[in-house]
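See structure below.
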Ligand code: GLV
Ligand code: MG
């Protein structure tokens with residue numbers, strides 16, 4: 001497994017790029033990352049205005065340490081190439097990643113990689129400065145998720161898109177992120193989560209969960225986020241200010257687990273360097289090199305969250 005990309009993305013805010021009021025509000029929210037949306041939150045007639053809005057919003061700054069991204073339209077539309085060119089030429093120095101939706105094969109990612117390489121070269125941007133986040137949100141994308149995850153060194157995350165995914169499978173339900181009614185024998189999404197997570201980790205990428213649409217039900221958001229956080233996902237999209245604190249908490253370890261992880265790292269470091277032993281007791285717990293790796297994951301998530 002390669003080292004996993006390290007920008008913190010516990011909370012990833014969706015912001016329609018065509019709505020200046022939402023853009024302004026987004027600046028003040030304590031999210032780790034945001035994307036200015038040119039895709040599904042923007043009506044077809046508003047795409048050009050949304051591109052201009054995204055460029056202005058990035059160049060105006062005021063985003064602090066947030067990861068700054070723009071979601072372009074998917075490759076089945078006539079809009080994608082213009083989205084990429086206008087946004088990166090207009091604001092490439094203020095942009096961290098592009099989010100590519102409805103990725104169904106590695107060719108989609110390679111197309112974007114090549115276009116970005118050309119735009120960076122023509123505009124004096126550092127080669128490779130713009131990363132890529134690939135949304136896996138239909139059966140075709142999931143079937144080729146391993147190839148997609150390996151398609152470009154620009155990739156930083158795989159992002160699960162539950163709404164489009166549920167539609168793609170013809171799931172007989174209307175509530176995104178909840179179990180389909182009638183399926184009472186486990187988690188209907190476990191296979192999807194694990195495929196995305198394993199493909200991401202095998203290629204050093206982060207795995208991000210998609211939106212929960214019942215925005216006022218914060219407890220339900222926590223429950224939904226808690227499942228992917230428990231598996232190891234790095235964060236989740238948030239659609240509303242009410243969801244932000246919950247995402248930041250759920251995807252960080254508890255204080256108790258974080259402190260425990262740091263104690264394990266200290267004890268194991270002491271054991272291997274001072275005592276020259278590969279296994280050691282910490283209270284009632286036997287530690288070895290694998291315990292160190294697990295502790296490093298929890299400590300890493302805690303440190304990234306500023307604990
Ligand atoms: C997000 O894009 C989704 O389809 O859930
Ligand atoms: Mg989608």
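Here, each number is a calculation from the coordinates, and none is a lab measurement. Note that the coordinates shown come from a computational prediction; the quantities given were computed from them, not determined experimentally. Here Cβ is always computed from backbone atoms with ideal geometry, including for glycine, and neighbour counts include all displayed protein chains.
Which value in nm describes the separation of the simple spin-label points at residue 259 and residue 170, placed 7 Å from the Cα toward the beta carbon?
5.4 nm
Counting only helical runs of four or more DSSP H residues, what would the 222 nm mean residue ellipticity of the chain come to if each run contributes -39,500 (n - 2.57) and the total is spread over all its residues?
-13500 deg cm²/dmol
R0 = 22 Å: FRET efficiency of residue 305 with residue 126, Cβ-based, nearest 0.05? Don't skip to the answer; put the middle values down first.
On the way: r = 28 Å, r/R0 = 1.27.
Result of the calculation: an efficiency of 0.20.
Please give the length that would be gained between residue 194 and residue 272 if that part of the chain were fully extended, namely 0.36 nm times their separation in residues minus their C-alpha to C-alpha distance (nm, one decimal).
Stretched fully, the residue 194-residue 272 segment lengthens by 24.7 nm.
How far is the Cα center of the range 258-273 from the Cα center of the range 88-150, in Å?
39 Å
Cα gyration tensor of the range 147-210, axes a ≥ b ≥ c as square roots of the eigenvalues: rounded (a/c below 1.5), prolate (a/b > b/c) or oblate?
Verdict is prolate for the range 147-210.
For residue 24 and residue 249, what does the FRET efficiency come to when R0 = 41 Å and r is the distance between their Cβ atoms, rounded to the nearest 0.05?
0.95
For the chain, find the longest principal axis of its Cα atoms and tell me its angle to the long axis of helix 190-202, 0 to 90°, nearest 10.
Approximately 80 degrees, to the nearest ten.
Specify, per residue and in Å³, the volume enclosed by the convex hull of the alpha carbon atoms belonging to the range 33-95. Mind dumping the intermediate values first?
Details: hull volume 4.7 nm³, N = 63.
Expressed per residue, the convex hull around the Cα atoms of the range 33-95 is 74 Å³.
How many percent of all Cα-Cα pairs in the chain sit more than 27 Å apart? Don't skip to the answer; put the middle values down first.
Working: 20618 of 46971 pairs.
Tail of P(r) above 27 Å: 44 percent of Cα pairs.
Taking a ≥ b ≥ c as the square roots of the Cα gyration tensor eigenvalues, with a/c under 1.5 meaning rounded and otherwise prolate when a/b beats b/c, else oblate, which class fits the range 255-305?
Judged from the Cα gyration tensor, the range 255-305 comes out prolate (a/c at least 1.5, a/b above b/c).
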